[in-house]
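The values are calculated or read from the model by the stated rules, or taken from the named source; none is laboratory data. Predicted, not measured: the structure shown is a model, and the values here were computed from it. As a convention, Cβ positions derive from the backbone with ideal geometry for all residues, glycine included, and neighbour counts pool all protein chains shown. With ligands, DNA and RNA removed, areas are computed over all heavy atoms of the protein, side chains included. Shrake-Rupley method; radii C 1.70, N 1.55, O 1.52, S 1.80 Å.
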Amino acid sequence: MSVLVVGTVAYDTVKTPAGSRSGVLGGSAAFFSIAGSYFVPISLVAVVGDDFLDEHLRLLKSHGVDTSGLERSAGESFRWSGVYSSEDVNMRETLDTRLNVFAEFSPTLDPEHRTMPYLFLANMDPALQSSVLDQMAARPKLVALDTMNIWIDGSREALEETIKSVDLVFMDEGEARSFSRERSVVSAADRILDMGPSTVVVKRGEHGALVRRAGTAFSVPAFPLEHVVDPTGAGDSFAGGFIGYLAASGDLSDEGFRRAAILGSVIGSFTVESFSVDRLHTLTPPEIEERFRALTNLIRFEPLRDRESLPWRETTRQKSGG
Ligand code: AMP
């Protein structure tokens with residue numbers, strides 16, 4: 001089962017406590033494509049400028065990414081720069097966003113892209129996200145969307161409209177709170193579920209993520225790392241691992257979503273170990289499986305069996321009537 005992603009392919013300039021890089025490959029759709037490509041074929045729809053290097057096209061192709069939908073326009077590629085706090089590497093400030101060729105981007109999907117069963121609408125103008133969804137010939141099995149503060153603050157109504165027609169929403173914790181105007185993460189996720197999607201994934205950086213579906217919640221930890229080099233792209237890699245796994249397994253049950261979240265967390269944890277897509281690019285299936293097992297072990301605990309009780313102190317047991 002293949003996945004269509006529409007989003008940015010960018011050149012990023014980042015400064016983190018571990019160092020800095022200028023003009024490195026980034027963009028939501030680039031991280032998502034490589035992350036998801038470990039599980040399923042990915043088709044990428046995006047635009048780049050005439051500054052886009054062949055080596056980066058080759059890199060995407062080396063992951064089997066279908067780049068037939070990657071337009072090349074006269075001008076510069078999307079450019080983003082940001083700096084991460086030295087106290088808290090989860091905190092970042094955007095220094096500059098230059099849409100460049102992305103400002104005029106209005107994708108027309110090819111016929112073969114219109115029938116793809118999984119669709120990821122990466123972070124971009126919600127009106128553009130809706131126009132992509134409207135072009136699909138048949139309703140995909142799963143439509144997921146990611147967004148960010150500029151759309152929550154500047155295009156709330158359009159975002160609400162788009163969210164109504166998707167199945168899965170990814171937001172980070174601050175975005176979910178500001179979008180829903182709720183303080184607790186669970187209430188924030190529930191407000192978004194009320195709007196129509198059947199799953200909401202609230203990403204919480206080094207605190208992992210919460211997957212909320214009707215009547216159930218699953219909390220997935222971030223893989224504990226000693227050394228975070230560059231968090232850029234963690235969220236998009238999380239989404240790539242998540243959707244990639246769902247599409248590969250076809251398991252859209254609660255259990256499938258739980259595993260998908262673990263894989264999102266695992267893949268995201270590799271991304272942050274290096275700048276740009278460097279670590280994501282060199283990953284191997286055994287490395288992913290090893291970290292999947294390690295994460296399972298990290299959260300494994302003995303459940304209470306039927307009728308089993310905790311080792312209460314006698315007086316407490318009487319209080320509970322046990
Ligand atoms: P993440 O760290 O997962 O939130 O994604 C970071 C990536 O998103 C970077 O590689 C940027 O190039 C890209 N990005 C930053 N700002 C925007 C924006 N306004 N629209 C689309 N992509 C963006």
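General observations
- Residue match in the stretch 43-50 (condition: of a type in the set (V, I, T), open to solvent by less than 40 Å² (accessible area, probe 1.4 Å), more than 13 Å from the ligand (Cβ to nearest atom) and touching a strand residue (DSSP E or B) at 6+ places or on another chain (Cβ under 8 Å)): yes
- Inclusion of P111 among residues that are in contact (Cβ under 8 Å) with a residue 40 or more places away in the chain and more than 16 Å from the ligand (Cβ to nearest atom) is not warranted.
- Scope the stretch 202-219; condition in a loop (DSSP other than H, G, I, E, B) and more than 16 Å from the ligand (Cβ to nearest atom); matching residues: A214, G215
- Residue that is nearest to V3 (Cα to Cα) [pool: residues in the stretch 123-175 that are in contact with an Asp or Glu (Cβ under 8 Å, 6 or more places away or on another chain), assigned to a helix (DSSP H, G or I) and at pLDDT 95 or above]: S130
- Pairing residues of the stretch 79-101 that are within 17 Å of V228 (Cα to Cα) with residues that are within 10 Å of the ligand (Cβ to nearest atom) and open to solvent by 70 Å² or more (accessible area, probe 1.4 Å), at Cβ distances under 6 Å and at least 6 apart in sequence or on separate chains, gives G82/R92; Y84/R92.
- All positions within the stretch 110-124 that are under 22 Å from the mean Cα position of the chain (by Cα) and open to solvent by less than 60 Å² (accessible area, probe 1.4 Å): H113, M116, P117, Y118, L119, F120, L121, A122, N123, M124
- Filter pass, S68 being away from the ligand (no atom under 15 Å from the Cβ), more than 13 Å from G233 (Cβ to Cβ) and modelled with pLDDT under 95: no
- One residue alone among A222, A239 is touching a Phe, Trp or Tyr at 6+ places or on another chain (Cβ under 9 Å) and outside any strand (DSSP E or B), and that residue is A239.
- Given (1) in a helix (DSSP H, G or I); (2) within 13 Å of the ligand (Cβ to nearest atom), number of the condition T232 does not satisfy: (1)
- Tally of residues being aliphatic (A, V, I, L, M), in a loop (DSSP other than H, G, I, E, B) and closer than 21 Å to R58 by Cα across the stretch 1-30: 1
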